[in-house]
Ligand code: NAP
């Protein structure tokens, strides 16, 4: 039986690296993204080059109707399968100091980074519960652990994910489903590149290891958490940040 893994925001950056790593581990990848078809096709190609398989599953993670439509279609085509691995990775920033932040900026970041967790996970864990096995990994952030000026919306979404992770881990533990959060520090992806291009200070000099992390380094950790070697690890927040915190 194939082991299916849904990774949200897998067309680029950390999500793409996670998709490639889980494919190498033998998972059949459901590759979600929002709108960058070219990047998603490229990610699919890289997975296939690595000997894995992937199908594209575009939807906006902040839109429950779109999520349900995509998953309804998939479940109808796979009546005997379920999704054993869910990585809630899709995320955005929209930085602004509190005094200047518009309500839309607050709501958009909460919708994409936090409400998406509820919509996607609520739907996917049904199959895990029925099958008494599963892995949920939520990509939080060091910003959700330590806070960061200009990121009240982002930090709120990422620390809320930590509370939700811990609660859901307790709910699902009897069903042999683990739920963990990974909290990256500064990882070199489009999110960082775009920030630097917008004039946000490159803070590499504040990282004790004097470098940004690589998306692959986050992927190795997620791969471990999704493996059977991590059966007894649940409800944890694992930082990957070059010793910043
Ligand atoms: P990224 O390079 O900007 O890639 C974002 C990915 O999310 C893309 O695949 C994008 O799809 C997808 N996405 C964005 N909005 C979406 C939506 N509404 N619905 C579905 N997919 C959506 O980001 P990243 O740096 O890899 O970050 C990945 C995760 O790690 C995020 O949750 C982020 O908060 C977290 N994180 C990142 C860092 C860092 O330093 N990079 C640090 C801590 C935590 P399209 O290609 O279609 O736009």
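Taken together, the values in this text are just the output of simple stated rules run on the coordinates, not laboratory data. Everything quoted here is computed from the prediction, not taken from an experiment. Glycine gets a Cβ as well: all are built from the backbone with ideal geometry, and neighbour counts include every protein chain shown.
The table for this structure:
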quantity: Approximate spin-label separation residue 238-residue 217, in nm, with each point projected 7 Å along Cα-to-Cβ; calculated: 1.5
quantity: Among 84, 72, 111: highest mean-square fluctuation, GNM of the chain, C-alpha pairs under 10 Å; calculated: 72
quantity: Rel. contact order, % - alpha carbon contacts under 8 angstrom, at least six apart, the chain; calculated: 20
quantity: Backbone N within the range 79-94 under 17 Å of label point (7 Å from residue 130 Cα along the Cβ vector); calculated: 79-86
quantity: Spin-label model distance (nm) - residue 81 vs residue 100, 7 Å beyond Cα toward Cβ; calculated: 4.7
quantity: Linear extension gain, residue 118 paired with residue 231, 0.36 nm per residue minus alpha-carbon span; calculated: 38.4 nm
quantity: Nearest-0.05 FRET efficiency for residue 171 and residue 207, computed from C-beta distance (R0 30 Å); calculated: 0.25
quantity: For the range 53-80 and the range 213-234, distance of Cα centres in Å; calculated: 24
quantity: Principal axis dimensions, the range 4-240 - Cα atoms, whole angstrom, descending; calculated: 50, 38, 35
quantity: 175, 170 arranged by Cβ crowding within 10 Å, fewest neighbours leading; calculated: 170, 175
quantity: Cα-based helix-to-principal-axis angle, 116-131 vs the chain, degrees rounded to 10; calculated: 30
quantity: Prolate/oblate/rounded label for the range 53-172 (Cα gyration tensor, a/c 1.5); calculated: prolate
quantity: Ascending count of other beta-carbon atoms within 10 Å, so fewest first, for 44, 2, 214; calculated: 2, 214, 44
quantity: Acute angle (nearest 10 degrees) that the helix 37-49 long axis makes with the longest principal axis of the chain, alpha-carbon atoms; calculated: 60
quantity: Tilt relative to the chain, helix 215-226 - C-alpha long axis, 0 to 90 degrees, to 10; calculated: 40
quantity: Sequence of 11, 140 once ranked by neighbouring C-beta atoms within 10 Å, starting from the fewest; calculated: 11, 140
